[in-house]
Amino acid sequence: MSANAIRVGVISDTHNLLRPQAIEFLSGCRSIIHCGDICDPEILTRLALIAPVTAVRGNNDRGAWAARLPEHQRLSIGAVDIHVIHDLAQLDIDPGSGGVAVVLSGHSHQPKIENRAGVLYVNPGSAGPRRFKLPVSAAELLIDGAAVTPKIVDLEQYRGP
């Protein structure tokens, strides 16, 4: 990884809770992507104090503030095109043929990194209240040119860089 690598924080399903460990983990990121189920716009305000935020609306995001959020969003960071959606089941594009290198999603609360047909799929899991026995987690993408290195972090075990 070169010194020019871009660190992107990925968080989802905060459901009104922005944990101190999440803030610490996301500190130092050049941008933050929230994959929905924010539930309180103050979460986005607080994340924006760390880095610029891109966010999509989740199924639990309601009200005028949430209506202004897109259901999906495409952005480029460095040489990497990223598609962000809350619920992967609602993905209505073919990412590979559309030039998308990374698909970010939330909704399931299950952290996952998977490569399918040359497209990287990352779900950071849920950073909000614990659900069932699933971990409380977030993710990062290290983008170096066209290379992407994903990592999921258990926030309850996180002790800093």
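What follows is calculated from the coordinates using simple rules that are stated; it is not laboratory data. Because the structure is a prediction, the values reported are computed rather than measured. Backbone-built Cβ (ideal geometry, glycine too); neighbour counts: all protein chains shown.
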Collect the residues in the range 114-157 that are within 23 Å of Val100 (Cβ to Cβ), of a type in the set (A, V, I, L, M) and touching a helix residue (DSSP H, G or I) at 6+ places or on another chain (Cβ under 9 Å), keeping them in residue-number order. Ala138
May I ask you to say which residue of Pro161, Pro129, Pro95 is over 16 Å from Phe25 (Cβ atoms), in a loop (DSSP other than H, G, I, E, B) and in contact (Cβ under 8 Å) with a residue 60 or more places away in the chain? Pro129
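So that you can scan it fast, the table gives a plain yes or no per residue for (1) of a type in the set (Lys, Arg); (2) at negative phi; (3) surrounded by 15 or more Cβ atoms within 10 Å (Cβ to Cβ):
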residue: His86; (1), (2), (3): no, yes, yes
residue: Ala117; (1), (2), (3): no, no, no
residue: Val122; (1), (2), (3): no, yes, yes
residue: Leu134; (1), (2), (3): no, yes, no
residue: Asp144; (1), (2), (3): no, yes, yes
residue: Pro150; (1), (2), (3): no, yes, yes
Ala22 versus (1) surrounded by 14 or more Cβ atoms within 10 Å (Cβ to Cβ); (2) under 21 Å from Gly99 (Cα atoms); (3) small (Gly, Ala, Ser): which is the lone unmet condition? (2)
Can you tell me how many residues within the range 47-79 are more than 13 Å from the chain's Cα centre (by Cα), outside any loop (DSSP other than H, G, I, E, B) and surrounded by 15 or more Cβ atoms within 10 Å (Cβ to Cβ)? 2
